[in-house]
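> Sending over a structure as structure tokens; questions will come in a sec.
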Amino acid sequence: MAYSLFYKYIMSKKKRVSTAHLQKVESLQRRNQFFERLKQFCDQVTDVPVFQFISQAHLDEIYELRVHPIRVRAAKGQDVPVNVLKEIKSFVTESLKKTPVHIGVGQVKDMPLHDFMTIGFTLILYAGRLKINDYQKAELVKSKLLPLRAFTSSDTFNKSFKGYFDITDKVSLLKSDLGSAIYVLREDESEEYNNNSGIYFCLDVYCVKTPKIQVSIEGMNRPAYRVGWLLPDDPSLFTPVSIDMECLGFPSNVYREVYIQSHALDRLSERVDGVDKGFLHFSIYNSLQQANVRINKKREWLFEFRLSGKKVGYFKGDLVDGKIILRTFLFLTNNGTPEGEKLHEHTGIMKEDKMYLTIDKFSSFVHSDIKDNERVKEIFVKAGCESLFDIDPLVCVGQAREYTLAVLIENYLKAG
């Protein structure tokens, strides 16, 4: 019994020693890799290899005060799923690695934003705090790093950080869904993280579950989600949309909350295809901030939906229990919209024809040759659908190959 306990004690001690040793080795490897990259960058941005002149004490200081890779964490008091944090971290890191920064100093023309925000920025900060009498050749080192230091005053430097914030804005959109939760990221620069010194760019993730109610429509109870968003200025507060009923012919200053059913969200993704769900949902919020409302032949309310400021369709809505409920989405060419009705009047095209020609979906106007055929394009322009040709194709995810559709439409109309 005594031997068994002694054996367990010895083995547990060996395990602790082994773990500590491995951690020490890994730490040393990280340090060596960091200095290899820093030396390479330093020697490339200077016309004289001055890295060798930096004193050991200053190298230790550089490592202690280095700029660390992006940290992604749940903001204080926020319940953010672990898998979401991992996905955001992965997306931000990969995006930073793919985003180039034009340096134009020494032999360094471009470098990934990820490397610039760690290795590059570490050396820039060191050049700023280095004094000419810190060590024997400190004056030479500082003078050779002046062009790199001057880079921080350039437009390119400012644009590089704009690229960083563009990435954080994009990932907020990618993860957000009005049917579940809205996310927003807020950048926080810190000189300490988990009691470790250095410069840390931390991304605090805020999350709010979309408020949901049950609405009775035509005798059926259905869920509806509050239309709103999280804004960076106050990221923990869900900012909802309310519409002044004056735009619907009611007295002014009477506001009604806006909710959307999952059916409307599904039809939106189906008909404005190829666009990220988060961007679509943010565009709902953005469109209703300044609501434009039309009334169709059936006296139904149509709330205009805009993508990048351009009209692409309408949400059909009703007033239910004192709230505006968006029930479905109609693409601009669909029956029931003013533009869809004009298209029918000018061409005789019916709902089934639109489906056959696939002109009831956004992707057909982005990826086909309709926009390049003046005769066919004019058909849609006369119907009031010219905004579909003004949207930047980059809003669509991926690079879809352009296909021929204009001739099919021409021949179909002639045959009819």
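The values are calculated or read from the model by the stated rules, or taken from the named source; none is laboratory data. Everything numeric in this text was worked out from a predicted model, so none of it was measured. When we count neighbours, we look across all protein chains shown, and the Cβ atoms used for this are built from the backbone with ideal geometry, even at glycine. Calculation scope for accessible area: heavy atoms of the full protein, side chains included, ligands and nucleic acids excluded. Shrake-Rupley method; radii C 1.70, N 1.55, O 1.52, S 1.80 Å.
> Taking Cα atoms, how many degrees apart are the long axis of helix 262-271 and the longest axis of the chain, rounded to 10 and kept between 0 and 90?
With both axes taken from Cα atoms, the answer is about 90 degrees.
> By a straight-distance test (C-alpha under 19 Å), which lysines pair with K131 as possible cross-link partners, with residues fewer than eight away in the same chain excluded?
Of all the lysines, those that pass the test against K131 - Cα under 19 Å, at least 8 places apart if same chain - are K142, K144.
> Per residue, how much accessible area does the stretch 279-416 have with a 1.4 Å probe, in Å²?
Result: 49 Å² of accessible area for each residue.
> Cut-off 10 angstrom, C-alpha nodes, Gaussian network model of the chain. Which of V254, V381, V241 fluctuates the most?
V254
> Which lysines, if any, have their Cα less than 24 Å from the Cα of K342, not counting same-chain residues under 8 positions apart?
K297, K298, K310, K311, K316, K351, K354, K361, K371, K377, K382, K414
> Shifting gears a bit: So how tilted is helix 338-347 from the main axis of the chain? Cα-based, degrees 0 to 90, rounded to 10.
Helix 338-347 sits roughly 60 degrees off the main axis of the chain.
> Charges on Cβ only, +1 for Lys and Arg, -1 for Asp and Glu, centred on the Cα centroid of the chain; of P100, I295, T347, which one is farthest towards the dipole's positive end?
P100
> At most 12 other Cβ atoms within 10 Å and a DSSP loop assignment: could you name the trypsin sites (Lys or Arg not before Pro) in the stretch 287-336 that fit?
Of the trypsin sites (Lys or Arg not before Pro), the ones in loops of the stretch 287-336 whose Cβ has at most 12 other Cβ atoms within 10 Å are K297, K298, R299.
> Follow-up question, since we're still on this one. Kirkwood hydrodynamic radius, the stretch 292-374, all distinct C-alpha pairs: what's the number in Å?
It works out to 13.8 Å.
> Where the centroid of each part is defined by its Cα atoms, how far is the stretch 306-326 from the stretch 95-120 in Å?
Their Cα centres are 44 Å away from one another.
> Tell me, what is the FRET efficiency for R222 and K39 to the nearest 0.05, using R0 = 60 angstrom and their Cβ-Cβ distance as r?
On the way: r = 63 Å, r/R0 = 1.06.
Computed FRET efficiency for R222 and K39 comes out at 0.40.
> Which aspartates and glutamates have a Cα lying under 15 Å from the Cα of K209, excluding residues fewer than 8 positions away in the same chain?
D79, D177
> To continue, here is another question. Apply the Karplus parameterisation 6.51 cos²θ - 1.76 cosθ + 1.60, with θ equal to phi minus 60°, to every residue of the stretch 371-387 and state each ³J(HN,Hα) to the nearest whole Hz, in sequence, with x for glycine and proline.
With coefficients 6.51, -1.76 and 1.60, one gets 5, 9, 9, 4, 5, 6, 4, 4, 4, 6, 5, 5, 7, x, 9, 4, 4 Hz.
> Give the residues of the stretch 282-307 whose amide nitrogen is closer than 19 Å to a point set 7 Å from the Cα of D390 in the direction of its Cβ.
Within reach of a label on D390: 283-284, 286-294, 303-307.
> For the stretch 196-295, build the convex hull from the C-alpha positions and give me its volume per residue in Å³.
Here the figure is 167 Å³ per residue.
> Another one. Please work out the FRET efficiency for the pair L22 and V82, using the Cβ-Cβ distance as r and a Förster radius of 30 Å; give the result to the nearest 0.05. The partial results should precede the final answer.
Details: r = 25 Å, r/R0 = 0.84.
After rounding, the FRET efficiency stands at 0.75.
> Give the calculated FRET efficiency between R71 and I213 to the nearest 0.05, with a Förster radius of 35 Å applied to their Cβ-Cβ distance.
It comes to 0.40.
> With all protein chains present, how much of the accessible area of the chain (probe radius 1.4 Å) comes from carbon and sulfur, to the nearest whole percent?
Working: 11310 of 22530 Å².
Of all accessible area on the chain, carbon and sulfur atoms account for 50 percent.
> If I build a Gaussian network model for the chain, linking alpha-carbon pairs within less than 10 angstrom, which residue out of L22, L123, L231 has the largest mean-square fluctuation?
Looking only at L22, L123, L231, the biggest GNM fluctuation is shown by L22.
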